[in-house]
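Take a look at the structure set out below.
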Amino acid sequence: MPNTFAEALDTLLADLLETVPLRYRWLLLQTLYTGSSRRQGISKLALQPGSQGLDVGCGFGAMAMEIATAWSCTVDGVDCDSTMLEMARSLSAPMTWLQDRVHWISGDILALPYPDHSQDFVCTRFVLQHVSDPKRAIQEMYRVLRPGGFVYIEDIDEGMVLQYPAPPPEWSLVLDAFSRLQQARGGDRQIGRKIPVWLAQSGFEVQSIEPQWMAQVTRPEPNGPAIQWEIERVALELDALYAAQLLTPEEWQKGHARFRDPIADISFQSNASLQIRAQRA
Ligand SMILES: C[S@@+](CC[C@H](N)C(=O)[O-])C[C@H]1O[C@@H](n2cnc3c(N)ncnc32)[C@H](O)[C@@H]1O
């Protein structure tokens, strides 16, 4: 993929930060923040020009646009959120070379709107952790792939998070409540280790599993993008966290203030996602 395209896309995404509806801001920050692991994964896909595939749970559509550009193939960005698809559509509109190669389709990963054996590849990134029945999603991806087609999945596992010194206990309590809310909705923040097993059980041959580490030593920047992203994604769920009695407003105030504390120590943080490729029989 030409660097100029990656840079242009990042500029469009960064500009969108000014106007994006608040509930999508954390996802936009995540799209920017995880761009290097996305591009790393795409560079290894080795797709045949002209092949046809899906990016399911496409969000802002960065992956679909980058795959279509890098490998000259056709990609449908599929998402269940129509606002999300509208934003992906308007981001891609100025990219004239993508007009016949990228399409934005409304659909659910649990019931993909495609016939059996219709796709050469299916990608899904940071989606299965949110899905109530990820095994079923894997079966759906198997169904729509042609024999010999492949799936490419990237997702997290919070067991791979390392921090030193340990985060303030007030903030750990907030993160723990957030994780339990995702779990109560049927999601799973420890899904990374499970996906390869479910793929193999569903008839895929797992070809590679590559951890992508992001590690840094930082002096906390209270208004830096990493801290901002963490705070915003939790802040959006405060009503749900209070309603489920997983967190109180006092606990949020304390955790939030402590996390942003500008005199906190220099610290090491790393987290990782797994990039998994598997072939359909
Ligand atoms: C965390 S975002 C990831 C976006 C993008 N794949 C990326 O890597 O930045 C999860 C996306 O999956 C979509 N999504 C969640 N559940 C879905 C489902 N059941 N079917 C299709 N899309 C879904 C959400 O609307 C959202 O756009």
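Laboratory data are not the source of any read-out in this text; all were calculated from the coordinates shown. Owing to the predicted nature of the structure, the values given are computational and were not obtained by experimental measurement. Note: ideal-geometry Cβ built from the backbone for every residue, glycine included; neighbour counts use all protein chains shown.
Quick one: order MET214, MET95 by neighbouring beta-carbon count within 10 Å, fewest to most.
Values: MET214 14, MET95 17.
With the sparsest Cβ surroundings first, the list reads MET214, MET95.
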Open item on the list: Quick query: amide H of VAL122 versus all other amide H atoms, modeled in the peptide plane; which residues come in under 5 Å with a sequence gap of 5 or more or a different chain?
Closed with: LEU54, PHE150, VAL151, TYR152
- [ ] Mind checking which aspartates and glutamates have their Cα closer than 14 Å to the Cα of LYS254? Skip sequence neighbours fewer than 8 apart in that chain.
- [x] GLU170
Open item on the list: Only four residue types carry charge here, +1 at the Cβ of Lys and Arg and -1 at the Cβ of Asp and Glu. Report the dipole size of the chain about the Cα centre in Debye, rounded to the nearest 20.
Closed with: 560 debye
Task: Cβ-based net charge around SER208, under 11 Å, with every Lys or Arg adding one and every Asp or Glu removing one - done: 0
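Shape of segment 181-232 from its Cα gyration tensor (a ≥ b ≥ c, root eigenvalues): rounded if a/c is under 1.5, otherwise prolate when a/b > b/c, or oblate?
Values: a/c = 4.80, a/b = 1.82, b/c = 2.63.
It comes out oblate by the Cα gyration axes.
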Task: Mean separation of Cα contacts under 8 Å, 6 or more apart, over the residue count of segment 126-276: relative contact order % - done: 42 percent
TODO: Compute the Kirkwood hydrodynamic radius of segment 3-280, taking the inverse of the mean of 1/r over all pairs of distinct Cα atoms, and give it in Å to one decimal.
DONE: 19.7 Å
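Tell me the GluC sites (Glu not before Pro) within segment 1-90 that lie in a loop according to DSSP and have at most 15 other beta-carbon atoms within 10 Å. Kindly include the intermediate steps, with their values, before the conclusion.
Numbers: sites: GLU7, GLU18, GLU66, GLU86; in loops: GLU18.
The qualifying sites are GLU18.
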